[in-house]
1. Mind listing whichever residues of segment 299-315 are part of a loop (DSSP other than H, G, I, E, B) and surrounded by fewer than 22 Cβ atoms within 10 Å (Cβ to Cβ)?
2. Here are some residues: GLU134, GLU190. Which one is closer than 19 Å to TRP763 by Cβ and acidic (Asp, Glu)?
3. Out of LYS413, LYS354, LYS417, LYS316, report the one residue that is touching a Leu at 6+ places or on another chain (Cβ under 8 Å) and without any contact (Cβ under 8 Å) to a residue 60 or more places away in the chain.
4. Inspect segment 52-72 for any residue being free of Cβ contacts under 8 Å to residues at least 12 places away in the same chain, over 42 Å from the mean Cα position of the chain (by Cα), loosely packed, with under 14 Cβ neighbours inside 10 Å and assigned to a strand (DSSP E or B) and give the result as yes or no.
5. Within segment 512-543, can you find the residues that are within 28 Å of the chain's Cα centre (by Cα) and open to solvent by less than 60 Å² (accessible area, probe 1.4 Å)?
6. In segment 141-160, which residues are in a loop (DSSP other than H, G, I, E, B), open to solvent by less than 10 Å² (accessible area, probe 1.4 Å) and under 24 Å from LEU780 (Cβ atoms)?
7. Under 6 Å between Cβ atoms, at least 6 apart or on separate chains: pull out the pairs that start in segment 509-538 with a residue that is on the phi > 0 side of the Ramachandran plot and end on any residue that is hydroxyl-bearing (Ser, Thr, Tyr) and at pLDDT below 95.
8. Please find, among ASN620, ASN638, the residue that is open to solvent by 30 Å² or more (accessible area, probe 1.4 Å), under 28 Å from ALA219 (Cα atoms) and at pLDDT below 95.
Amino acid sequence: MKIKLLLLLSFFTLSSLQLYSQNIKIHGTAADNTSNIPFVSIIVNDSLKTSSDAKGRYSLYIKQGNLINIKAYAVGYQKLNLQITNLKHDTTVNLLLQPEANQLKDVVISATRVPENIRNITSSVSIVSKKKLETEIAINPDLSSILANEVPGFAPTAQTGNNVGQNLRGRPMLVMIDGVSQSSPLRNAEVDLRSIDPSVLQQIEVIKGATAIYGNGAAGGLVNYVTLVPDTAAKFAGKTQLNSTGSLVKMKNSVGGRVSQLFYGKLGKFDYVASGTYEQTGEYKDAKGDVVGPNYSLGETDSYNAFAKIGYEPAKNQRIQFVYNLYSSLQNSNYSLVNGNLATGQKATGVLGKPLGIPTGVDYNNNFHLSYKVDSLFGNTSLNADAYYENRKDVFYVSLGRFDGGDGQSLAKNDKKGARLFLQTLAVKNPGLKVNVTYGLDFLRDKTSQPLVDGRVWVPEMDMNNLAPFAQVDLIIFKDLIFKTGLRYEHVNIKVADYKSLRTTNVNGTTITPSFDVTGGNLKYGTSLFNAALKYNHWDLFSPFVSFSQGFSVMDIGLALRDAKVNNINKINTDAVKVNNYEAGFETRYEGLTFTASAYTSTSKLGIEVVYDPTTDLFNTSRSPEKIYGYELAANYNLGASLQLGASYSYTEGKRDINNNTKFNDPVDTYLNGRRISAPKYTGTVTYSPIKVLDLTLNYTGIGSRNRFEKNSTGIYNGNEGAVKAYNLFNFAGNYKINKSTRVTLGIENLFNQDYFPARAQWFMQPGFYSKGRGASFNLGLSVSY
């Protein structure tokens with residue numbers, strides 16, 4: 001009996017050893033470029049499954065075979081497919097995953113308020129990717145310059161702390177951070193582009209043409225700053241960056257510095273991003289080495305930005321997120337202004353001496369944003385709900401002799417609270433038809449005012465409540481034909497208390513507009529906004545679209561109230577502007593080439609043209625009907641992995657129908673001025689990577705000429721009507737990777753030291769803003785990632 005048991009045990013032992021000898025062990029780590037990734041799902045030959053542990057390590061036994069397929073998945077990363085042949089022994093296989101963020105450039109959030117592939121967007125869209133942002137930041141981190149360089153149809157930068165005249169296709173735009181408005185149409189101070197530091201942005205999305213998807217204020221389109229998302233599953237990662245800047249023409253007193261610290265990571269169901277940035281610029285010098293005129297100059301400016309984002313995912317289909325950002329940028333100049341001479345062409349500059357008043361710029365801009373997202377809330381319906389609060393204060397320059405015969409310095413104060421409910425239901429899904437229905441409700445309360453620093457009321461507080469329900473239907477027919485249509489209703493109520501307007505005077509103390517006791521009241525607006533668009537994606541060589549969309553914006557009511565010439569606000573023409581936008585275009589993709597073209601027309605029965613009155617030295621708003629038209633061309637071509645080329649051209653023109661007969665071509669009708677219509681713009685870019693660790697980029701921006709008005713009796717142009725002469729600028733950026741974690745960058749702005757007046761200085765025709773552009777300057781940076 002014992003002998004039989006021994007034989008049986010020997011048989012099972014030999015069988016087990018033979019079976020074990022047919023299996024081999026594979027083990028290793030799952031990681032990205034910076035650290036190991038925990039809890040990665042790993043599947044071998046579509047049958048064996050495991051996952052990496054908390055430290056990113058994994059192991060499993062497989063049968064020997066000629067071909068082994070390994071697949072790895074992790075949230076926030078691209079799927080990894082790996083094939084191994086003739087594996088006969090225990091082997092270490094390390095899995096390198098690439099972050100999904102690298103593909104975000106093909107996803108647009110702003111167009112429909114949910115992530116959508118750019119191929120399915122039925123309007124003109126420009127995306128400034130994270131890589132492009134990093135290249136531009138290496139040259140100049142000013143967002144108004146970045147957008148002007150990268151986005152066709154975006155007016156050129158004036159290199160100042162405000163963005164007067166820098167619009168989209170001739171109309172005001174809505175500037176947002178993660179979908180939260182930074183703009184206030186109640187008193188459009190034109191300072192909203194500089195609302196956040198670009199170092200905390202994942203990408204910038206620009207939707208062109210009138211749109212109502214985010215409501216009031218987007219008559220020309222919208223700019224959405226999308227903030228950073230963690231691109232690693234590590235518990236802790238970071239990046240430290242140091243920069244030194246200055247003039248290459250005359251370095252004395254021009255040197256500045258910038259330091260940026262970023263931390264991010266994932267802790268179980270939590271993820272976080274935290275960042276702090278501080279920058280101090282030196283004196284800005286023009287191509288001759290002279291100080292650029294200090295009015296709103298970005299020279300001698302102290303800027304800081306604090307950013308925090310915390311996300312929590314209680315379940316796979318849910319996310320709660322909180323974002324906070326604080327931005328400030330104030331000019332502390334040692335120079336007082338010396339006005340330019342418009343008749344002789346003498347540029348504005350500065351002389352040593354503290355300027356009057358308190359420092360100008362963004363005193364503060366606070367943003368709080370809480371959001372909740374759940375997929376499959378019920379059936380095929382997802383939910384996005386959020387609430388936000390934004391308040392900011394901007395300081396303007398001192399106006400000499402303007403108020404009651406004396407000087408005055410104004411502030412723009414803005415306080416916004418809002419909540420939004422957004423639902424999307426997949427109503428139909430079959431091989432031939434997919435139907436998405438989105439619907440919801442937006443609420444906004446916006447309080448805006450423009451007092452003087454000393455407390456006097458110039459623009460009284462305007463208290464706006466804006467309620468807007470909306471619905472949108474998207475159809476995808478046989479995967480290629482896309483049809484979208486929707487309706488939004490804007491209900492706006494603006495309260496203004498009784499106030500006393502300030503007497504405005506000229507430099508000699510003569511009264512221009514007397515002081516009035518003005519009776520306040522309620523201004524009410526209500527309108528429906530419709531959109532419809534069609535796109536066909538069957539051919540890569542020709543993917544056409546046509547669209548119609550309406551936008552809505554209350555006029556710059558603050559401008560009208562501060563210059564009131566009547567005793568009741570109901571006697572002031574404050575009617576809102578409704579814009580009809582028509583557009584057609586196409587996209588071509590062929591191998592490494594992407595080419596886009598679009599043409600557009602936008603019309604409005606009421607205008608918002610700011611027209612200069614030489615008799616009073618004031619700018620007034622003209623309400624004549626307006627028509628704006630133009631076209632844009634853009635191309636990108638990848639010549640392999642080491643060479644990329646890009647170019648664009650944009651043209652915009654516009655007219656006012658003075659006699660209101662809808663023709664726009666009568667002798668009395670006039671062109672829109674430079675504050676609205678920019679000169680033609682050309683851009684080009686070449687990026688060359690001779691070796692894997694080195695990227696070299698040359699950017700070109702050309703501004704064409706525009707001359708639509710006659711000089712006045714004094715021999716100069718009226719304000720906003722100056723002729724723009726062409727100029728050409730080249731910028732350079734180099735990026736060298738010393739090792740896995742360390743990079744050195746060198747940026748040169750105005751590479752060939754072009755001596756020029758920026759477009760705004762030319763058309764604005766204001767002696768205090770008649771400054772030359774910045775001469776050749778450098779930006780040397782060092783960054784360490786960990």
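The values are calculated or read from the model by the stated rules, or taken from the named source; none is laboratory data. Note that the structure is a prediction, hence the values are computed from the model and not measured. Glycine gets a Cβ as well: all are built from the backbone with ideal geometry, and neighbour counts include every protein chain shown. Ligands, DNA and RNA are stripped out before the accessible areas are found, and what is left, the full protein with its side chains, is counted by its heavy atoms. Shrake-Rupley method; radii C 1.70, N 1.55, O 1.52, S 1.80 Å.
1. Answer for segment 299-315, where residues must be part of a loop (DSSP other than H, G, I, E, B) and surrounded by fewer than 22 Cβ atoms within 10 Å (Cβ to Cβ): GLU313, PRO314, ALA315.
2. When all the criteria are applied, what remains is GLU190.
3. Going through LYS413, LYS354, LYS417, LYS316 in turn, the sole match is LYS417.
4. No, there is no match, as no residue in segment 52-72 is free of Cβ contacts under 8 Å to residues at least 12 places away in the same chain, over 42 Å from the mean Cα position of the chain (by Cα), loosely packed, with under 14 Cβ neighbours inside 10 Å and assigned to a strand (DSSP E or B).
5. Matches in segment 512-543: THR527, SER528, LEU529, ASN531, ALA532, ALA533, LYS535, ASN537, SER543.
6. Matches in segment 141-160: ASP142 only.
7. Sorted first by the residue in segment 509-538, then by its partner, the list stays empty.
8. ASN620
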